[in-house]
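The structure under discussion appears below in the form of structure tokens.
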Amino acid sequence: MTIHSHEVEASNFIKNIIEEDLKTGKHQVIITRFPPEPNGYLHIGHAKSICLNFGLAKEFDGICNLRFDDTNPEKETDEYVQSIKESIKWLGFNWDGEVKYASDYFDKLYEFAEFFIKQSLAYVCDLNADEMREYRGSLVTKGKDSPYRKRSVEENLNLFKQMREGEFADGAKTLRLKIDMASSNINLRDPVIYRIKRAHHIRTGDKWCIYPMYDYTHCISDALENITHSCCTLEFADHRPLYDWVIAHLVKANLLTSHPRQIEFSRLELQYTITSKRKLNQLVTDNLVSGWDDPRMPTISGMRRRGYNKEGVQLFAKRCGISKSPNIVDVSLLEASVREELENKAPRIMAVLNPLKVVLTNFDEYTASRSAGFHPQHAQLGERLVELTREIYIERDDFMLDPISGWQRLTANSEVRLRHSYVIKCDELIKDATGNIVELRCSIDKNTLGKNPEGRKVKGVIHWVSVTNAIEAQVRLYDRLFTEAEPDRVNGKDFKEFINPHSLTIVKGYIEPVIISSNAEDCYQFERLGYFVADRCDHDSSSNKYVFNKTVGLKDTWKK
RNA sequence: AGGGGAGUCGCCAAGUGGUAAGGCAUCGGAUUUUGAUUCCGACAUUCGCAGGUUCGAUCCCUGCCUCCCCUGCCA
């Protein structure tokens, strides 16, 4: 947890509302909720919402529920329920009491539907989908009343009962609220609140063949849970009048005691990625990624596998803020947050991903090795011996035959510091038949272990690894999944056209032997390369399987 | 065109009748056996545009412009 004193947490309009409600005594305690539909994995946008809802409860000493909005059995699975729970817990939040499900309220919802029928505020409609669309009107034209709108209470009660009992085919009838077909708000043009759908439900099995719709279910579920502040994204603002309409009638009839307040905020958009469950699902089903937890996915499980830690994701959410304005956040904000939370925790070790062999020609039995700290600022992370051997690998990128100006790494006849070891000088280049440099012959300045050379300054420091004792590992280098900052907003093109062909590169890496005892999800900084994490699924040091994912590179301010 | 929402630095985002917080990014400079970190410093005479009210407006009023969402028996 990094809370910088200079980084004042911005207030936001939702907090202002809550503070006011607490101050005026409208509420003694606030209750929020995170209400996912279990039809996919949670992504970065949900992470923002989770941090908001659970964060609000934490900050104001309130309560936050987890409630699955499971009203559409055709799309919902238990796999998704499990993954969602796991993602929330991993992010560091705990819901209050038992997990709730909208389906817990199906009986109540049915009862209330009968109430609306009895009030003559709901009716069974026989219009099919096409007809209903036609009767609904358009954005600019009013709708017209359904011919079934005037059915008697008795008939409606009976028909609704028969709907529940399976007397009618799927889609043959719906139960609709009787509001206003002429409303300029289409959500108020007699919205359907129950449809017939013979689908197996993850919780209620085959008990029901009619299922309530979101608009009807969500507000009632909120009220039943005494939610005080129901935060959702902007596209639901148009639904608020319906939310309030349903609740107000039920409260007036004493069937409900609380009237939650729906508050909308803008959803998070992140550059070079997509946050649409439907589209993410497409990437998975089309095998364009390895799964929902592919490290390139903006899903919580993907970010976790990528090595993003929960503190980093939380910091990111905090820095994004909450507002109602459209926003497309820079990836640099996410990456900076993740780096910042890894900086003080990740042990530093050395790894070479693109090796160039170096032979230390004057290496002998008196050549010493040093013990090096795992972190330059935090000695408590411990240290290990970094053993120098006659043959080492350095990064190919750290040698340049014709160095560009400002180059401070290795070049012919120049010196460089081997991190945690001696200063070496490149004396000779070995080339293969085609002229490629395949090896460097260097000499050690034996008077430079743990001290600066005398009479000159060697600025460059490069990382290296021993040829004889480095451990080979598979290293997966990740880049952004899309080549386009807004892949789903390019005129008439499918977002899949912009998948970055280089978003995954797999290389063989040579890493310090300390990783033989590493566990899955251990994070390291490979010095000068970036942060890496032992893959959650494939890394298994007990069977000598070393697999690391690149989490994020180090900041690189060197301008070439 | 009807309804809803939004326009404050490259990206987020506070503020609100009294003269523009903060973060990310960027650019300088110091320290550094990671060109990392850390540390200092710079970075909106201006708040979509045009009028008006006012001693004074990003904030109030009027008009305009731009963007997003809404016509599932999805959520």
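The values are calculated or read from the model by the stated rules, or taken from the named source; none is laboratory data. It should be emphasised that the depicted structure is a prediction, and the values quoted were computed from it without experimental measurement. Cβ sites come from the backbone with ideal geometry, for glycine too, and all protein chains shown count toward neighbours.
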Going through the range A:133-163 one residue at a time, which ones are under 43 Å from the mean Cα position of the chain (by Cα), surrounded by 14 or more Cβ atoms within 10 Å (Cβ to Cβ) and assigned to a loop (DSSP other than H, G, I, E, B)? A:GLY137, A:GLY143
Of the residues in the range A:489-501 that are assigned to a helix (DSSP H, G or I) and either in contact with a strand residue (DSSP E or B) (Cβ under 7 Å, 6 or more places away or on another chain) or touching a residue at least 60 places away in the same chain (Cβ under 8 Å) (or both), the one that is surrounded by the fewest Cβ atoms within 10 Å (Cβ to Cβ) is A:LYS496
Test A:ASN327 against the criterion of being more than 15 Å from A:ILE50 (Cβ to Cβ) and either at pLDDT below 95 or within 13 Å of RNA strand B (Cβ to nearest atom) (or both), and give yes or no. yes
The strands (runs of 3 or more DSSP E) lying wholly within the range A:343-438 that contain at least 3 residues that are free of Cβ contacts under 8 Å to residues at least 40 places away in the same chain and more than 27 Å from A:GLN525 (Cα to Cα) are A:423-431
When the range A:42-70 is checked residue by residue, the ones that are in contact with a Ser or Thr (Cβ under 6 Å, 6 or more places away or on another chain), free of Cβ contacts under 8 Å to residues at least 60 places away in the same chain and not in a helix (DSSP H, G or I) are A:CYS64
Where residues in the range A:461-482 are part of a loop (DSSP other than H, G, I, E, B) and of a type in the set (S, T, N, Q), which of them is farthest from RNA strand B (Cβ to nearest atom)? A:THR468
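Yes/no per residue for (1) over 30 Å from A:ARG348 (Cβ atoms); (2) modelled with pLDDT of 95 or more:
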position: A:ILE430; (1), (2): yes, yes
position: A:ALA473; (1), (2): no, yes
position: A:GLU486; (1), (2): yes, no
position: A:ASN500; (1), (2): no, yes
Of the residues A:GLU486, A:GLU454, which single one is without any contact (Cβ under 8 Å) to a residue 40 or more places away in the chain, within 14 Å of RNA strand B (Cβ to nearest atom) and of a type outside the set (Ser, Thr, Tyr)? A:GLU454
Of the conditions (1) of a type in the set (A, V, I, L, M, F, W, C); (2) surrounded by fewer than 18 Cβ atoms within 10 Å (Cβ to Cβ); (3) not in a helix (DSSP H, G or I), A:LEU175 satisfies every one except a single condition; which number is it? (2)
Which of the residues spanning the range A:233-254 are closer than 26 Å to A:ILE50 by Cα, out of contact with any helix residue (DSSP H, G or I) (no Cβ under 7 Å at 6 or more places or on another chain) and of a type outside the set (D, E, K, R)? A:THR233, A:LEU234, A:PHE236, A:ALA237
When the range A:502-554 is examined, which residues are found to be under 18 Å from A:GLY291 (Cα atoms), in contact with a Phe, Trp or Tyr (Cβ under 8 Å, 6 or more places away or on another chain) and not in a strand (DSSP E or B)? A:SER503, A:ASP535, A:HIS539
